[in-house]
Amino acid sequence: MSAVLVGQFHARDAEGRVYSVHEFQNSTPGVDGQPVVTYKLAIGDRVARISGNQFQLVQSGVELIREPEFPVTEAPVAPVVQA
């Protein structure tokens, strides 16, 4: 079974440490036919989704909160001045 990286985001623990979390979708669907999504830290530690924006490191039990995503804004366009 292989997995494809479909997203990544940052999450913080209660002490303010930032973790880089990668979101994978397995190539084989689950028994209900839905895609199976797994989460891992960039260093390979497994992460479980508790609910919504709440996650937990499987090995240590540390709880993480997903940071909000801010949309990328376009760079301001300089006005064209004609001579």
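Given H placed on each backbone N at 1.01 Å, which residues far from GLU67 in sequence or on other chains put an amide H within less than 5 Å of it?
Long-range HN contacts for GLU67: HIS10, ALA11, ARG12.
Show the residues, 5+ positions off or on another chain, whose built amide H is closer than 5 Å to the amide H of VAL58.
Under 5 Å from the amide H of VAL58: ARG46, VAL47, ALA48.
What value does segment 3-66 have for Rg/Rh, both radii from Cα atoms and Rh as Kirkwood defines it? Display every interim value, and only then the final one.
On the way: Rg = 12.0 Å, Rh = 12.1 Å.
Using only Cα positions, Rg/Rh for segment 3-66 is 0.99.
At GLU63 and GLN8, where each label point lies 7 Å from the Cα along Cα→Cβ, what is the point-to-point distance in nanometres?
2.7 nm
Please list 3J(HN,Hα) in residue order for segment 32-44, calculated via the Karplus relation 6.51 cos²θ - 1.76 cosθ + 1.60 where θ = phi - 60°; whole Hz, with x for glycine and proline.
Each residue of segment 32-44 in turn: 8, x, 7, x, 9, 10, 10, 10, 9, 6, 4, 8, x Hz.
Taking θ = phi - 60°, what integer Hz values does the Karplus form 6.51 cos²θ - 1.76 cosθ + 1.60 yield along segment 22-29, in sequence order, with x for Gly and Pro?
3J(HN,Hα) across segment 22-29, in whole Hz: 10, 10, 10, 10, 6, 6, 9, x.
Once fully extended, how much extra length lies between SER51 and VAL36, figured as 0.36 nm per residue of separation less the alpha-carbon to alpha-carbon distance?
Numbers: separation 15, 0.36 × 15 = 5.40 nm, distance 1.54 nm.
The SER51-VAL36 span can extend by a further 3.9 nm.
FYI, it's all coordinate maths here, none of it is from the lab. These numbers were taken from a predicted model, which means no experiment stands behind them. FYI the Cβ positions are ideal-geometry reconstructions off the backbone, even for glycines, and counts take in every protein chain you see.
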